[in-house]
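Below: one structure, written as C-alpha cells.
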Amino acid sequence: MKKILLLASMLFAVISLSACSHTDNDPFVPDTPEQSGNDDSNDNEPGEPTDPTPGGNGKYLVLFTSRSGNTEQVADEIRKQLDCDILEVEPETPYENNYNAMLERAREELDAIRQGNYPNIRTTVDNFDDYEMIFVGYPIWYGSMATPMQSFLHTHASKLAGKRITLFATSGSSGISTSVSEARNLCLESEFIDRTLLLTSSSLSQMERRVAEWLEEIGVGLEDSEKPDVTSLKMNIVVGDRTISATMKDNAAVRDLLSRLPMEVTLNDYNNTTEKIFYPDPELELDGVTRGCAPVPGDITIYAPWGNVAIFCKSWSHSNDLIKIGHIDGEGIQVLNVSGNIHVKLEKE
Ligand SMILES: Cc1cc2nc3c(=O)[nH]c(=O)nc-3n(C[C@H](O)[C@H](O)[C@H](O)COP(=O)(O)O)c2cc1C
C-alpha cells in the first residue's frame, strides 16, 4: 500500500510557487513512474473487523490510508503527539506495481464512486464508541479524497454518526476543500471540525511543527503528565567518531532492544548496500508489534522470518514480514550508506 512518489511530489513542489497557487480543480498530470512495487496483501480477511493499534491514550483514533507513505508519516506524527490509537485503511486489492496502471485504476475508482459504486476495502471497524474524536487522513487523488478512505467512510457512516471527525490530507500541491465536502456528504450525521490540516510536498518537512500547532488549534492534546517519555525512545548509533540518532517506535521489540543497550555490533552489507543488517541474539521480542512496511532510506526494521535487524539505505518494496521499529533522524543514514560492513555501537541517547 505504500509507494514512493517523492519525485512526483517534488514535481508538484516545483510547479507550485506556493500551496495556495493551486486549487482543488487543478488537473493532476502524473509523469513519474513508481519507484518500488507492492505485491503483498494484508493478513486479515476483507470485511473481518480490524483492531486499531492501541496507544496509551484511547480517547483518539487516527485512521489513515496511504500509498506512498506521506499520509502515513503525518498519521504517525499525530499518533505520536497524542499517544493514541491508529489504524490503516487498506484497499481489498493492493494497488498495481505499475504506476500508470495504478493511476488508471484510481481514475476508474473515482468515476465508479461518482456512480455510487465504492471499491472494496479490507478494513472494517466494529464501533467507535470509545473515541472522543476520530482523525481521518488520506492523500488527494485528482483533487478528491483517495478512494479507500471514501469507501471506508461510506461503509462506516452509520457507525460514525454523532462522532467528531477531523480531516487531514497530503497532496503534491492541490487543496483539501473538495475532499472535505466529500467527507461531509459521506458522513452526514457526523460532526466535522472545521480546522483541517493539509501538508503538500513543500510543507511535509515541517510536519512535526504543523501537526503540533494544528492539534493546539483544535484543542486536543495530552496533559503534561500523559505525555510519553520521548527521550527514552531515542537511540544513538556511533560510527567511529560520528554519532547519528534514531527515533524509535514504542513497541515490544524496541523496548527489548533498548533494554540491551549499549551494544556493539557489525552491520553487514546486504544486497549492494540496500540494507545494513545484524542478528540480535536472542531474537527481539515481537509480541503485538505491527507488521508490514515499505521501507525508505533511514528506516530501522526487523525482518521477521530471519529475526535480523535491517537498516535501509535505499527504498525497497512493501513486505508484510518487515516490521518498522524506528527511523534514523535527518540525513544520518548517509553515514551508513557506504559499501562494506560497518562496526557500530548502539546506545541510548
Ligand atoms: C492517483 C494519484 C492522484 C493524485 N492526484 C493529485 C492531485 O490531484 N493533486 C495533487 O496535488 N497531488 C496528487 N497526487 C499526489 C499525492 O496526493 C501526494 O503525493 C500524496 O502526498 C501521496 O500521499 P501518500 O504518500 O500517503 O500516498 C496524486 C497521486 C496519485 C497516486
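The values are calculated or read from the model by the stated rules, or taken from the named source; none is laboratory data. These figures come from a predicted structure and were not determined experimentally. Here the Cβ positions follow ideal geometry from the backbone for every residue, glycine too, while neighbour counts run over all protein chains shown.
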Q) For the range 186-202, what are the residues that are touching a helix residue (DSSP H, G or I) at 6+ places or on another chain (Cβ under 7 Å) and within 24 Å of Lys159 (Cβ to Cβ)? A) Leu186, Cys187, Phe192, Arg195, Thr196, Leu197
Q) Just for the range 292-333: of the residues that are polar (S, T, N, Q) and modelled with pLDDT of 95 or more, which one is nearest to Asp250 (Cα to Cα)? A) Thr301
(Q) Which residue is surrounded by the most Cβ atoms within 10 Å (Cβ to Cβ), if the candidates are limited to the range 77-92 and must be within 15 Å of the ligand (Cβ to nearest atom) and in contact (Cβ under 8 Å) with a residue 40 or more places away in the chain? (A) Val89
Q. Has the range 102-109 got any residue that is part of a loop (DSSP other than H, G, I, E, B), at pLDDT 55 or above, over 30 Å from Ala212 (Cα atoms) and within 8 Å of the ligand (Cβ to nearest atom)?
A. no
Q.
Of the conditions (1) touching a strand residue (DSSP E or B) at 6+ places or on another chain (Cβ under 8 Å); (2) within 13 Å of the ligand (Cβ to nearest atom); (3) aliphatic (A, V, I, L, M); (4) closer than 22 Å to Ser201 by Cα, Val180 satisfies every one except a single condition; which number is it?
A. (2)
Q | Criterion (of a type in the set (Ser, Thr, Tyr), touching a residue at least 60 places away in the same chain (Cβ under 8 Å) and not in a strand (DSSP E or B)) met by exactly one of Ser158, Ser181, Ser173 | A | Ser173
Q) If you check Ala252 against the conditions, is it under 26 Å from Glu347 (Cα atoms), more than 16 Å from the ligand (Cβ to nearest atom) and surrounded by 16 or more Cβ atoms within 10 Å (Cβ to Cβ)? A) no
**Q.** the range 118-147 - residue that is within 10 Å of the ligand (Cβ to nearest atom) and under 22 Å from Asp51 (Cβ atoms) and, of those, surrounded by the fewest Cβ atoms within 10 Å (Cβ to Cβ)
**A.** Gly137
(Q) Name the single residue that is nearest to Lys159 (Cα to Cα) among those in the range 104-117 being crowded, with 18+ Cβ neighbours inside 10 Å and of a type in the set (A, V, I, L, M, F, W, C). (A) Ile113
Q: Go through the range 148-164 and give me each residue that's surrounded by 20 or more Cβ atoms within 10 Å (Cβ to Cβ) and touching a Cys at 6+ places or on another chain (Cβ under 7 Å).
A: Leu153, Leu160
Q: Can you work out which of the residues in the range 185-212 that are closer than 19 Å to Lys59 by Cα and assigned to a helix (DSSP H, G or I) is farthest from the ligand (Cβ to nearest atom)?
A: Ala212
